[in-house]
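Chemist: The structure follows.
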Amino acid sequence: MTPYSTTFRPAERLSIFHMLKVGVGPSSSHTLGPWLAAKRFVGLLGADASTVNRIQVHLYGSLAKTGKGHGTDIAVQMGLTGADPETFPTEQIAGVIADIAKQSRLPLANGGAVDFDPSADIQFHTDQQLPAHPNGMTFAAEFGSGERCEATFYSVGGGFVVQEGETPPVCDANLEFPVDTADELLAHCASTGLPISGVVMRNELAWSTKAQVEAGLDRISSVMIQCVYRGCHAHGVLPGGLGVKRRAADIAQRMLGDSSGEPGGADAWLDAIGDQTEDFQATLDWVSCFALAVNEENAAFGRVVTAPTNGAAGVIPAVLLYFRLFRGADQSALRRFLLTAGEIGCLFKKGATISAAMGGCQAEIGVSSAMAAAALAEGLGGTPQQAAAAAEIAMEHHLGMTCDPIRGLVQIPCIERNVFGAMKAITAARLALQRDPADARVSLDAVIRTMWNTALDMNSKYKETSEGGLAIQIPVNVSEC
(Lines give C-alpha, C1' and ligand atoms only; values in the text may rest on other atoms or scores of the structure.)
Protein backbone atom coordinates (compact mmCIF):
# COMPACT_ATOMS: atom_id res chain seq x y z
CA MET A 1 0.00 0.00 0.00
CA THR A 2 1.37 3.39 -0.91
CA PRO A 3 1.61 5.99 1.85
CA TYR A 4 -1.78 7.48 2.65
CA SER A 5 -1.41 11.12 1.86
CA THR A 6 -0.92 13.05 -1.30
CA THR A 7 -0.91 16.73 -1.99
CA PHE A 8 -4.11 16.42 -3.98
CA ARG A 9 -7.02 13.98 -3.73
CA PRO A 10 -9.68 15.33 -6.15
CA ALA A 11 -11.88 12.23 -5.96
CA GLU A 12 -12.42 12.68 -2.25
CA ARG A 13 -15.89 14.16 -1.82
CA LEU A 14 -16.44 15.03 1.80
CA SER A 15 -19.47 16.17 3.72
CA ILE A 16 -18.80 18.56 6.56
CA PHE A 17 -20.22 15.83 8.80
CA HIS A 18 -17.16 13.77 7.90
CA MET A 19 -15.11 16.60 9.37
CA LEU A 20 -17.28 17.34 12.43
CA LYS A 21 -17.99 14.03 14.16
CA VAL A 22 -19.20 13.13 17.63
CA GLY A 23 -16.84 10.81 19.45
CA VAL A 24 -14.86 10.06 22.60
CA GLY A 25 -11.55 11.60 23.69
CA PRO A 26 -8.70 11.96 24.02
CA SER A 27 -7.59 11.53 20.38
CA SER A 28 -9.37 11.16 17.07
CA SER A 29 -6.44 9.34 15.46
CA HIS A 30 -5.30 7.32 18.49
CA THR A 31 -8.64 6.70 20.24
CA LEU A 32 -11.59 7.20 17.89
CA GLY A 33 -9.86 5.75 14.83
CA PRO A 34 -8.65 2.53 16.52
CA TRP A 35 -12.06 2.17 18.18
CA LEU A 36 -13.76 2.27 14.77
CA ALA A 37 -11.12 0.00 13.23
CA ALA A 38 -11.73 -2.62 15.93
CA LYS A 39 -15.47 -2.49 15.23
CA ARG A 40 -14.79 -2.99 11.54
CA PHE A 41 -12.55 -5.97 12.24
CA VAL A 42 -15.22 -7.79 14.24
CA GLY A 43 -17.60 -7.05 11.39
CA LEU A 44 -15.19 -8.74 8.98
CA LEU A 45 -15.37 -11.93 11.05
CA GLY A 46 -19.11 -12.15 10.48
CA ALA A 47 -20.79 -15.35 11.66
CA ASP A 48 -17.39 -16.95 12.24
CA ALA A 49 -16.81 -14.63 15.21
CA SER A 50 -18.56 -17.13 17.47
CA THR A 51 -15.74 -19.65 16.87
CA VAL A 52 -12.86 -17.27 17.66
CA ASN A 53 -10.49 -18.58 20.34
CA ARG A 54 -8.11 -15.63 20.51
CA ILE A 55 -7.77 -12.07 19.34
CA GLN A 56 -4.57 -10.05 19.31
CA VAL A 57 -4.00 -6.41 18.49
CA HIS A 58 -0.68 -5.10 17.19
CA LEU A 59 -0.03 -1.35 17.32
CA TYR A 60 2.75 0.28 15.32
CA GLY A 61 4.48 3.62 14.91
CA SER A 62 2.85 6.55 16.64
CA LEU A 63 0.03 4.33 17.90
CA ALA A 64 2.61 2.27 19.77
CA LYS A 65 4.72 5.15 21.01
CA THR A 66 1.90 7.27 22.42
CA GLY A 67 -0.94 4.76 22.47
CA LYS A 68 -0.98 4.27 26.22
CA GLY A 69 -1.26 7.99 26.86
CA HIS A 70 -3.92 8.35 24.17
CA GLY A 71 -5.96 5.41 25.40
CA THR A 72 -5.49 3.33 22.25
CA ASP A 73 -5.54 0.11 24.27
CA ILE A 74 -8.86 1.14 25.81
CA ALA A 75 -10.25 2.15 22.43
CA VAL A 76 -9.54 -1.14 20.67
CA GLN A 77 -11.14 -3.10 23.49
CA MET A 78 -14.25 -0.93 23.37
CA GLY A 79 -14.42 -1.32 19.60
CA LEU A 80 -14.13 -5.10 19.79
CA THR A 81 -17.11 -5.16 22.17
CA GLY A 82 -19.16 -3.32 19.54
CA ALA A 83 -19.69 -0.17 21.62
CA ASP A 84 -20.58 2.93 19.58
CA PRO A 85 -18.21 5.83 20.37
CA GLU A 86 -20.91 8.32 19.43
CA THR A 87 -23.48 7.07 21.92
CA PHE A 88 -21.84 4.78 24.50
CA PRO A 89 -22.06 6.35 27.99
CA THR A 90 -18.54 7.61 28.62
CA GLU A 91 -18.87 7.16 32.39
CA GLN A 92 -19.16 3.40 31.83
CA ILE A 93 -15.94 2.96 29.84
CA ALA A 94 -13.69 2.52 32.89
CA GLY A 95 -15.96 -0.18 34.28
CA VAL A 96 -15.99 -2.14 31.02
CA ILE A 97 -12.20 -2.05 30.76
CA ALA A 98 -11.79 -3.04 34.42
CA ASP A 99 -14.11 -6.03 33.95
CA ILE A 100 -12.18 -7.24 30.89
CA ALA A 101 -8.90 -7.09 32.81
CA LYS A 102 -10.34 -8.74 35.93
CA GLN A 103 -12.07 -11.58 34.10
CA SER A 104 -9.52 -11.93 31.25
CA ARG A 105 -12.54 -12.22 29.04
CA LEU A 106 -13.54 -9.94 26.17
CA PRO A 107 -17.21 -9.74 25.13
CA LEU A 108 -17.39 -9.42 21.35
CA ALA A 109 -19.77 -7.34 19.29
CA ASN A 110 -21.63 -10.42 18.05
CA GLY A 111 -22.63 -11.47 21.56
CA GLY A 112 -19.87 -14.05 22.00
CA ALA A 113 -16.76 -13.76 24.14
CA VAL A 114 -13.10 -14.73 23.96
CA ASP A 115 -10.28 -15.19 26.48
CA PHE A 116 -8.32 -11.96 26.44
CA ASP A 117 -5.41 -10.63 28.49
CA PRO A 118 -4.96 -6.95 27.58
CA SER A 119 -1.36 -6.91 28.81
CA ALA A 120 -0.43 -9.76 26.46
CA ASP A 121 -2.94 -9.51 23.63
CA ILE A 122 -2.42 -5.82 22.90
CA GLN A 123 1.16 -5.39 21.74
CA PHE A 124 2.90 -2.04 21.33
CA HIS A 125 5.60 -2.35 18.65
CA THR A 126 7.46 0.89 19.38
CA ASP A 127 10.39 -0.07 17.12
CA GLN A 128 8.28 -0.75 14.03
CA GLN A 129 6.17 1.36 11.69
CA LEU A 130 3.95 0.12 8.89
CA PRO A 131 4.68 1.64 5.47
CA ALA A 132 1.44 3.42 4.64
CA HIS A 133 0.98 5.65 7.69
CA PRO A 134 2.48 6.16 11.19
CA ASN A 135 -0.84 5.12 12.77
CA GLY A 136 -0.95 1.47 11.75
CA MET A 137 -2.59 -1.47 13.54
CA THR A 138 -3.16 -5.15 12.78
CA PHE A 139 -5.93 -7.29 14.27
CA ALA A 140 -5.53 -11.07 14.28
CA ALA A 141 -8.21 -13.62 15.15
CA GLU A 142 -7.51 -17.32 15.70
CA PHE A 143 -10.38 -19.75 15.19
CA GLY A 144 -10.98 -23.12 16.84
CA SER A 145 -10.12 -24.76 13.51
CA GLY A 146 -6.62 -23.27 13.67
CA GLU A 147 -7.28 -20.82 10.84
CA ARG A 148 -6.44 -17.13 11.26
CA CYS A 149 -7.94 -13.91 10.02
CA GLU A 150 -5.82 -10.75 9.94
CA ALA A 151 -6.58 -7.22 8.85
CA THR A 152 -4.47 -4.07 8.95
CA PHE A 153 -5.94 -0.61 9.33
CA TYR A 154 -4.55 2.91 9.33
CA SER A 155 -6.00 5.71 11.42
CA VAL A 156 -5.28 8.65 9.15
CA GLY A 157 -6.51 11.54 11.31
CA GLY A 158 -9.83 12.98 12.41
CA GLY A 159 -11.33 9.54 13.06
CA PHE A 160 -10.91 8.46 9.42
CA VAL A 161 -9.89 4.80 9.03
CA VAL A 162 -8.50 3.06 5.93
CA GLN A 163 -8.08 -0.71 5.64
CA GLU A 164 -4.94 -1.90 3.92
CA GLY A 165 -5.63 -3.07 0.40
CA GLU A 166 -9.06 -1.55 0.13
CA THR A 167 -9.91 0.65 -2.81
CA PRO A 168 -11.14 4.03 -1.55
CA PRO A 169 -14.87 4.21 -2.25
CA VAL A 170 -15.89 6.40 -5.15
CA CYS A 171 -18.30 9.02 -3.89
CA ASP A 172 -21.44 8.93 -5.99
CA ALA A 173 -22.77 12.16 -4.53
CA ASN A 174 -23.62 14.53 -7.37
CA LEU A 175 -22.40 17.75 -5.81
CA GLU A 176 -23.77 20.92 -7.31
CA PHE A 177 -20.48 22.70 -6.70
CA PRO A 178 -17.55 20.25 -6.63
CA VAL A 179 -14.72 21.71 -4.56
CA ASP A 180 -11.13 20.51 -4.26
CA THR A 181 -9.29 23.81 -3.74
CA ALA A 182 -9.96 27.17 -2.16
CA ASP A 183 -9.80 28.82 -5.57
CA GLU A 184 -12.60 26.57 -6.80
CA LEU A 185 -14.66 27.33 -3.72
CA LEU A 186 -14.23 31.08 -4.21
CA ALA A 187 -15.09 30.75 -7.90
CA HIS A 188 -18.40 29.08 -6.99
CA CYS A 189 -19.10 31.88 -4.51
CA ALA A 190 -18.38 34.49 -7.18
CA SER A 191 -20.57 32.84 -9.82
CA THR A 192 -23.55 32.34 -7.50
CA GLY A 193 -23.25 35.30 -5.15
CA LEU A 194 -23.45 32.87 -2.25
CA PRO A 195 -21.24 32.95 0.85
CA ILE A 196 -19.08 29.92 1.57
CA SER A 197 -21.74 28.51 3.87
CA GLY A 198 -24.34 28.85 1.10
CA VAL A 199 -22.25 26.87 -1.38
CA VAL A 200 -21.59 24.21 1.23
CA MET A 201 -25.27 23.92 2.14
CA ARG A 202 -26.15 23.36 -1.52
CA ASN A 203 -23.55 20.58 -1.68
CA GLU A 204 -24.77 18.97 1.55
CA LEU A 205 -28.16 18.51 -0.13
CA ALA A 206 -26.52 15.78 -2.22
CA TRP A 207 -26.46 13.66 0.93
CA SER A 208 -29.40 14.89 2.98
CA THR A 209 -32.45 17.14 3.00
CA LYS A 210 -32.12 20.70 4.26
CA ALA A 211 -34.01 19.76 7.43
CA GLN A 212 -31.63 16.86 8.05
CA VAL A 213 -28.58 19.04 7.50
CA GLU A 214 -29.89 21.68 9.89
CA ALA A 215 -30.74 19.04 12.49
CA GLY A 216 -27.24 17.60 12.16
CA LEU A 217 -25.65 21.03 12.58
CA ASP A 218 -27.81 21.74 15.62
CA ARG A 219 -26.72 18.46 17.15
CA ILE A 220 -23.06 19.28 16.56
CA SER A 221 -23.40 22.69 18.20
CA SER A 222 -25.38 21.15 21.08
CA VAL A 223 -22.71 18.51 21.75
CA MET A 224 -20.05 21.23 21.68
CA ILE A 225 -21.97 23.40 24.14
CA GLN A 226 -22.74 20.50 26.46
CA CYS A 227 -19.07 19.60 26.46
CA VAL A 228 -18.13 23.15 27.43
CA TYR A 229 -20.76 23.11 30.17
CA ARG A 230 -19.55 19.80 31.62
CA GLY A 231 -15.95 20.93 31.50
CA CYS A 232 -16.79 24.17 33.28
CA HIS A 233 -18.38 22.24 36.14
CA ALA A 234 -15.86 19.41 36.60
CA HIS A 235 -13.07 19.68 39.16
CA GLY A 236 -10.19 17.38 39.98
CA VAL A 237 -7.10 15.96 38.29
CA LEU A 238 -7.00 14.54 34.78
CA PRO A 239 -6.21 10.82 34.35
CA GLY A 240 -2.87 9.56 33.11
CA GLY A 241 -0.49 10.17 35.99
CA LEU A 242 0.82 13.57 34.91
CA GLY A 243 -1.12 15.31 37.69
CA VAL A 244 -2.68 18.00 35.52
CA LYS A 245 -5.37 19.85 37.47
CA ARG A 246 -8.57 20.91 35.75
CA ARG A 247 -8.80 24.71 35.55
CA ALA A 248 -11.91 25.58 33.54
CA ALA A 249 -14.36 25.06 36.41
CA ASP A 250 -12.35 27.28 38.74
CA ILE A 251 -12.15 30.02 36.11
CA ALA A 252 -15.89 29.83 35.41
CA GLN A 253 -16.70 29.94 39.10
CA ARG A 254 -14.52 33.00 39.67
CA MET A 255 -16.04 34.74 36.65
CA LEU A 256 -19.69 34.01 37.46
CA GLY A 257 -19.67 33.80 41.23
CA ASP A 258 -22.92 32.40 42.61
CA SER A 259 -24.43 32.18 39.12
CA SER A 260 -22.00 29.37 38.18
CA GLY A 261 -24.05 26.81 40.09
CA GLU A 262 -27.55 27.93 39.16
CA PRO A 263 -29.93 25.15 38.03
CA GLY A 264 -31.25 25.11 34.50
CA GLY A 265 -28.42 23.46 32.60
CA ALA A 266 -26.25 24.82 29.84
CA ASP A 267 -28.73 27.36 28.41
CA ALA A 268 -29.34 29.09 31.74
CA TRP A 269 -25.61 29.05 32.43
CA LEU A 270 -24.82 30.65 29.07
CA ASP A 271 -27.55 33.25 29.66
CA ALA A 272 -25.83 34.16 32.91
CA ILE A 273 -22.55 34.64 31.06
CA GLY A 274 -24.26 36.71 28.37
CA ASP A 275 -25.86 38.95 30.99
CA GLN A 276 -22.47 40.03 32.28
CA THR A 277 -21.24 43.47 31.30
CA GLU A 278 -19.13 43.03 28.19
CA ASP A 279 -15.51 43.64 28.95
CA PHE A 280 -12.49 42.87 26.78
CA GLN A 281 -10.58 41.06 29.49
CA ALA A 282 -13.65 39.08 30.53
CA THR A 283 -14.24 38.07 26.90
CA LEU A 284 -10.68 36.79 26.64
CA ASP A 285 -11.04 34.87 29.88
CA TRP A 286 -14.28 33.24 28.75
CA VAL A 287 -12.86 32.18 25.39
CA SER A 288 -9.90 30.67 27.23
CA CYS A 289 -12.22 28.97 29.68
CA PHE A 290 -14.38 27.44 26.93
CA ALA A 291 -11.37 26.01 25.10
CA LEU A 292 -9.85 24.63 28.29
CA ALA A 293 -13.15 23.06 29.28
CA VAL A 294 -13.51 21.07 26.07
CA ASN A 295 -10.01 19.71 26.07
CA GLU A 296 -10.08 18.86 29.74
CA GLU A 297 -13.20 16.83 28.96
CA ASN A 298 -11.39 15.33 25.98
CA ALA A 299 -8.41 14.32 28.14
CA ALA A 300 -10.81 12.62 30.56
CA PHE A 301 -12.37 10.39 27.85
CA GLY A 302 -15.38 12.68 27.58
CA ARG A 303 -17.68 13.13 24.60
CA VAL A 304 -16.45 15.80 22.19
CA VAL A 305 -16.87 16.83 18.58
CA THR A 306 -13.87 15.97 16.42
CA ALA A 307 -13.21 19.38 14.87
CA PRO A 308 -11.25 18.35 12.89
CA THR A 309 -9.50 16.23 15.53
CA ASN A 310 -10.02 15.54 19.22
CA GLY A 311 -6.73 17.11 20.24
CA ALA A 312 -7.96 20.35 18.63
CA ALA A 313 -11.60 19.95 19.67
CA GLY A 314 -11.71 23.07 21.86
CA VAL A 315 -10.93 25.74 19.27
CA ILE A 316 -14.17 25.78 17.27
CA PRO A 317 -16.53 25.53 20.29
CA ALA A 318 -14.69 28.40 21.98
CA VAL A 319 -14.96 30.64 18.90
CA LEU A 320 -18.54 29.52 18.25
CA LEU A 321 -19.53 30.57 21.78
CA TYR A 322 -17.66 33.84 21.37
CA PHE A 323 -19.75 34.41 18.25
CA ARG A 324 -22.98 33.53 20.07
CA LEU A 325 -22.45 35.27 23.39
CA PHE A 326 -20.40 38.32 22.47
CA ARG A 327 -21.40 38.93 18.86
CA GLY A 328 -25.11 38.08 19.10
CA ALA A 329 -25.24 35.11 16.71
CA ASP A 330 -28.54 33.21 16.53
CA GLN A 331 -29.00 29.52 15.75
CA SER A 332 -29.15 30.13 12.00
CA ALA A 333 -25.83 31.98 12.15
CA LEU A 334 -24.29 29.14 14.16
CA ARG A 335 -25.32 26.68 11.44
CA ARG A 336 -23.62 28.80 8.79
CA PHE A 337 -20.57 29.05 11.05
CA LEU A 338 -20.26 25.24 11.17
CA LEU A 339 -20.84 24.87 7.43
CA THR A 340 -17.99 27.25 6.64
CA ALA A 341 -15.69 25.76 9.27
CA GLY A 342 -16.31 22.24 8.01
CA GLU A 343 -15.55 23.13 4.40
CA ILE A 344 -12.23 24.74 5.30
CA GLY A 345 -11.31 21.58 7.18
CA CYS A 346 -12.14 19.51 4.10
CA LEU A 347 -9.76 21.64 2.01
CA PHE A 348 -6.89 20.96 4.40
CA LYS A 349 -7.63 17.24 4.49
CA LYS A 350 -7.62 17.05 0.69
CA GLY A 351 -4.57 19.23 0.12
CA ALA A 352 -2.45 18.35 3.13
CA THR A 353 -3.33 16.38 6.29
CA ILE A 354 -5.25 16.63 9.55
CA SER A 355 -3.11 13.94 11.19
CA ALA A 356 -0.54 15.07 13.75
CA ALA A 357 1.33 11.82 13.14
CA MET A 358 1.79 13.02 9.55
CA GLY A 359 2.10 16.77 10.00
CA GLY A 360 2.63 17.72 13.63
CA CYS A 361 0.29 19.97 15.57
CA GLN A 362 -0.03 22.41 12.66
CA ALA A 363 -2.31 19.72 11.21
CA GLU A 364 -4.56 19.81 14.27
CA ILE A 365 -4.55 23.16 16.10
CA GLY A 366 -3.50 24.98 12.94
CA VAL A 367 -6.34 23.53 10.87
CA SER A 368 -8.94 24.03 13.60
CA SER A 369 -7.86 27.65 14.00
CA ALA A 370 -8.14 28.20 10.25
CA MET A 371 -11.59 26.60 10.23
CA ALA A 372 -12.80 28.81 13.08
CA ALA A 373 -11.23 31.96 11.61
CA ALA A 374 -12.99 31.58 8.26
CA ALA A 375 -16.31 30.79 9.95
CA LEU A 376 -16.09 33.80 12.23
CA ALA A 377 -15.02 36.14 9.42
CA GLU A 378 -18.06 35.17 7.37
CA GLY A 379 -20.30 35.40 10.44
CA LEU A 380 -19.12 38.93 11.11
CA GLY A 381 -20.07 40.02 7.61
CA GLY A 382 -16.95 39.18 5.67
CA THR A 383 -16.91 38.25 1.99
CA PRO A 384 -15.87 34.77 0.87
CA GLN A 385 -12.47 36.21 -0.03
CA GLN A 386 -12.10 37.66 3.47
CA ALA A 387 -13.15 34.38 5.06
CA ALA A 388 -10.53 32.52 3.02
CA ALA A 389 -7.97 35.14 3.98
CA ALA A 390 -8.82 34.62 7.65
CA ALA A 391 -8.17 30.90 7.29
CA GLU A 392 -4.87 31.62 5.56
CA ILE A 393 -3.76 34.05 8.27
CA ALA A 394 -4.61 31.61 11.05
CA MET A 395 -2.68 28.75 9.45
CA GLU A 396 0.24 30.96 8.46
CA HIS A 397 0.92 31.52 12.15
CA HIS A 398 0.75 27.84 13.05
CA LEU A 399 3.13 26.59 10.36
CA GLY A 400 5.75 24.24 11.75
CA MET A 401 4.01 23.61 15.07
CA THR A 402 5.21 20.31 16.46
CA CYS A 403 3.20 17.60 18.21
CA ASP A 404 5.18 16.68 21.32
CA PRO A 405 2.75 15.61 24.07
CA ILE A 406 4.35 14.85 27.42
CA ARG A 407 3.93 11.15 28.26
CA GLY A 408 1.82 10.76 25.14
CA LEU A 409 -1.08 12.35 26.97
CA VAL A 410 -3.31 14.86 25.19
CA GLN A 411 -2.75 17.34 28.01
CA ILE A 412 0.55 19.27 27.95
CA PRO A 413 0.88 21.28 25.76
CA CYS A 414 -2.31 20.22 23.93
CA ILE A 415 -4.96 21.73 26.23
CA GLU A 416 -3.48 25.22 26.34
CA ARG A 417 -2.75 25.14 22.61
CA ASN A 418 -6.51 25.08 22.03
CA VAL A 419 -6.77 28.39 23.87
CA PHE A 420 -4.15 29.97 21.63
CA GLY A 421 -5.73 28.42 18.54
CA ALA A 422 -9.05 30.06 19.44
CA MET A 423 -7.43 33.43 20.13
CA LYS A 424 -5.50 33.31 16.86
CA ALA A 425 -8.72 32.47 15.00
CA ILE A 426 -10.47 35.53 16.40
CA THR A 427 -7.47 37.72 15.64
CA ALA A 428 -7.15 36.30 12.11
CA ALA A 429 -10.82 37.00 11.41
CA ARG A 430 -10.51 40.58 12.62
CA LEU A 431 -7.36 41.16 10.56
CA ALA A 432 -8.99 39.73 7.44
CA LEU A 433 -12.04 41.95 7.83
CA GLN A 434 -9.87 45.06 7.98
CA ARG A 435 -7.97 44.35 4.76
CA ASP A 436 -8.84 44.31 1.09
CA PRO A 437 -8.31 40.66 0.04
CA ALA A 438 -6.71 41.94 -3.17
CA ASP A 439 -3.80 43.18 -1.07
CA ALA A 440 -3.01 39.69 0.25
CA ARG A 441 0.18 38.10 -1.04
CA VAL A 442 -0.50 34.53 0.18
CA SER A 443 -3.57 32.56 -0.85
CA LEU A 444 -5.32 29.87 1.17
CA ASP A 445 -4.28 27.25 -1.39
CA ALA A 446 -0.68 28.40 -1.08
CA VAL A 447 -0.66 28.06 2.69
CA ILE A 448 -2.25 24.60 2.45
CA ARG A 449 0.56 23.50 0.10
CA THR A 450 3.09 25.10 2.43
CA MET A 451 1.68 23.23 5.41
CA TRP A 452 2.00 19.92 3.59
CA ASN A 453 5.57 20.66 2.47
CA THR A 454 6.44 21.62 6.02
CA ALA A 455 4.95 18.34 7.23
CA LEU A 456 7.11 16.40 4.77
CA ASP A 457 10.22 18.20 6.00
CA MET A 458 9.43 17.81 9.71
CA ASN A 459 11.49 15.34 11.71
CA SER A 460 9.40 12.34 12.77
CA LYS A 461 10.21 12.90 16.44
CA TYR A 462 7.99 15.98 16.30
CA LYS A 463 5.02 14.06 14.86
CA GLU A 464 3.10 12.67 17.84
CA THR A 465 5.80 10.25 18.97
CA SER A 466 6.72 11.93 22.29
CA GLU A 467 10.35 11.48 21.24
CA GLY A 468 11.25 15.14 20.91
CA GLY A 469 10.51 18.69 21.92
CA LEU A 470 8.66 19.33 25.14
CA ALA A 471 7.88 15.64 25.63
CA ILE A 472 11.46 14.66 26.46
CA GLN A 473 11.81 17.28 29.17
CA ILE A 474 9.96 14.88 31.48
CA PRO A 475 11.51 11.49 30.62
CA VAL A 476 9.20 8.53 31.10
CA ASN A 477 9.05 4.93 29.94
CA VAL A 478 6.11 4.56 27.54
CA SER A 479 4.97 1.44 29.37
CA GLU A 480 4.51 3.48 32.52
CA CYS A 481 2.09 6.00 30.99
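Chemist: Put +1 on the Cβ of every Lys and Arg and -1 on every Asp and Glu Cβ in the stretch 183-252; which of S197, G243, A211 then has its Cα farthest towards the positive end of the dipole?
Modeler: G243
Chemist: Give me, ordered by chain and number, the residues 5 or more places off F116 or on other chains with an amide H under 5 Å from its own placed amide H.
Modeler: HN-HN under 5 Å from F116: R105, L106.
Chemist: Still on this model: Please list 336-343, 112-119, 91-98 highest first by mean number of surrounding beta-carbon atoms within 10 Å per residue.
Modeler: Packing proxy ranking, top to bottom: 336-343, 112-119, 91-98.
Chemist: With labels modelled as points extended 7 Å from the Cα through the Cβ direction, what inter-label distance (nm, one decimal) is found for A268 paired with S119?
Modeler: 4.8
Chemist: Using a 1.4 Å probe over the heavy atoms of the protein chains, calculate the carbon and sulfur portion of the accessible area of the chain as a whole percent.
Modeler: Looking at the chain in its full context, I get 50 percent from C and S.
Chemist: Just add up the charged neighbours of F177: K/R +1, D/E -1, any other residue whose Cβ is under 12 Å from the Cβ of F177.
Modeler: Within the 12 Å Cβ shell, the charges total -3.
Chemist: Figure the gain on full extension for E12 and E86 (residue separation times 0.36 nm, minus the Cα-Cα span) and round it to one decimal in nm.
Modeler: My answer for the length gained is 24.3 nm.
Chemist: Still on this structure: Could you give the angle, 0 to 90 degrees to the nearest 10, between helix 331-351's Cα long axis and the longest principal axis of the Cα atoms of the chain?
Modeler: 60
Chemist: May I pose another question? What is the set of long-range amide H partners of A313 at a cut-off below 5 Å, with H atoms built 1.01 Å from backbone N?
Modeler: For A313, the qualifying residues are A307.
Chemist: Please give the helix 365-379 orientation as an angle from the longest Cα principal axis of the chain, in degrees from 0 to 90, rounded to the nearest 10.
Modeler: Helix 365-379 and the main axis of the chain meet at about 40 degrees.
Chemist: Still on this structure: Cross-link list K39/K102; K210/K463; K102/K245; K39/K424; K39/K349: which exceed 31 angstrom alpha carbon to alpha carbon?
Modeler: Those over the limit are K210/K463; K39/K424.
Chemist: Report, in degrees rounded to the nearest 10, the 0 to 90 angle that the Cα long axis of helix 210-231 makes with the longest principal axis of the chain.
Modeler: So the helix axis and the longest Cα principal axis differ by about 80 degrees.
Chemist: Using a 10 Å cut-off on Cβ atoms, rank the peptides 209-216, 222-229, 421-428, 361-368 from the highest mean neighbour count down.
Modeler: Put in order of decreasing packing, that is 361-368, 421-428, 222-229, 209-216.
Chemist: Would you kindly derive the ³J(HN,Hα) couplings of the stretch 235-252 from the backbone phi angles with the Karplus curve 6.51 cos²θ - 1.76 cosθ + 1.60 (θ = phi - 60°), listing them in order in whole Hz, with x for Gly and Pro?
Modeler: Taking θ as phi minus 60°, the curve returns 9, x, 10, 6, x, x, x, 7, x, 6, 7, 5, 10, 4, 5, 5, 5, 4 Hz for the stretch 235-252.
Chemist: Quick one: putting +1 on the C-beta of Lys and Arg, -1 on the C-beta of Asp and Glu, what dipole do you get for the stretch 28-163 around its Cα centre, in Debye to the nearest 20?
Modeler: Using only the charged Cβ atoms, the result is roughly 160 debye.
Chemist: Per-residue HN-Hα couplings for the stretch 417-428, Karplus 6.51 cos²θ - 1.76 cosθ + 1.60 at θ = phi - 60°, whole Hz, x for Gly and Pro?
Modeler: For the stretch 417-428, the Karplus-derived couplings read 4, 5, 4, 5, x, 5, 5, 5, 5, 5, 5, 4 Hz, x marking Gly and Pro.
Chemist: Considering only I406, A394, V304, whose Cα is most displaced toward the positive end of the charge dipole of the chain, charges sitting on Cβ of Lys, Arg (+1) and Asp, Glu (-1)?
Modeler: The one lying farthest along the dipole's positive direction is I406.
Chemist: Could you grab the relative contact order for the stretch 182-462? Cα pairs under 8 Å, six or more apart, rounded to a whole percent.
Modeler: Relative contact order comes out at 20 percent.
Chemist: With charges set only on the Cβ (+1 for Lys and Arg, -1 for Asp and Glu), what does the dipole of the stretch 182-462 come to about its Cα centre, in debye to the nearest 20?
Modeler: Roughly 600 debye, rounded to the nearest 20.
Chemist: Order 385-395, 321-331 from most to least packed using the mean count of other Cβ atoms within 10 Å.
Modeler: 385-395, 321-331
Chemist: Turning to a different aspect of this structure: Need one word for the stretch 156-222: rounded, prolate or oblate. Basis is the Cα gyration tensor (sqrt eigenvalues a ≥ b ≥ c); a/c below 1.5 gives rounded, then a/b vs b/c decides.
Modeler: oblate
Chemist: Under the classification rounded if a/c is under 1.5, otherwise prolate if a/b is larger than b/c and oblate if not, where does the stretch 388-481 fall, given a ≥ b ≥ c as square roots of the Cα gyration tensor eigenvalues?
Modeler: Oblate shape, in that a/c is at least 1.5 and b/c is the bigger or equal ratio.
Chemist: Based on DSSP H runs of at least 4 residues, each adding -39500 (n - 2.57), what is the mean residue ellipticity at 222 nm of the chain after dividing by all its residues, to the nearest 500 deg cm²/dmol?
Modeler: Calculated from helices alone, the mean residue ellipticity at 222 nm is -15000 deg cm²/dmol.
Chemist: Another question, then. How much area per residue is accessible in the chain when the probe is 1.4 Å and only protein heavy atoms are counted (Å²)?
Modeler: That works out to 38 Å² for each residue.
Chemist: Shifting gears a bit: Taking the Cβ of K245 as the centre, find all other residues whose Cβ is under 15 Å away and add up their charges (Lys, Arg: +1; Asp, Glu: -1).
Modeler: My count for the surroundings of K245 gives -1.
Chemist: Same structure again: Dipole size in debye (nearest 20) for the chain around its Cα centre, Lys and Arg Cβ +1, Asp and Glu Cβ -1?
Modeler: In total the dipole reaches around 280 debye.
Chemist: Using a Förster distance of 56 Å, how high is the FRET efficiency between A47 and D436, based on the Cβ-Cβ distance and rounded to 0.05?
Modeler: Using R0 = 56 Å, I get an efficiency of 0.30.
Chemist: Let a ≥ b ≥ c be the square roots of the eigenvalues of the Cα gyration tensor of the stretch 182-462; is it rounded (a/c under 1.5), or, if not, prolate (a/b larger than b/c) or oblate?
Modeler: oblate
Chemist: Taking R0 as 51 Å, what's the FRET efficiency between R54 and A187 from their Cβ-Cβ distance, rounded to 0.05?
Modeler: 0.40
Chemist: For the chain, calculate the relative contact order in percent as a whole number, restricting contacts to Cα pairs under 8 Å that are 6 or more residues apart.
Modeler: Answer for the chain is 19 percent.
The values are calculated or read from the model by the stated rules, or taken from the named source; none is laboratory data. It should be emphasised that the depicted structure is a prediction, and the values quoted were computed from it without experimental measurement. We place every Cβ from the backbone using ideal geometry, glycine too, and count neighbours over all the protein chains shown. Accessible surface areas use protein heavy atoms only, side chains included; no ligands, DNA or RNA. Shrake-Rupley method; radii C 1.70, N 1.55, O 1.52, S 1.80 Å.
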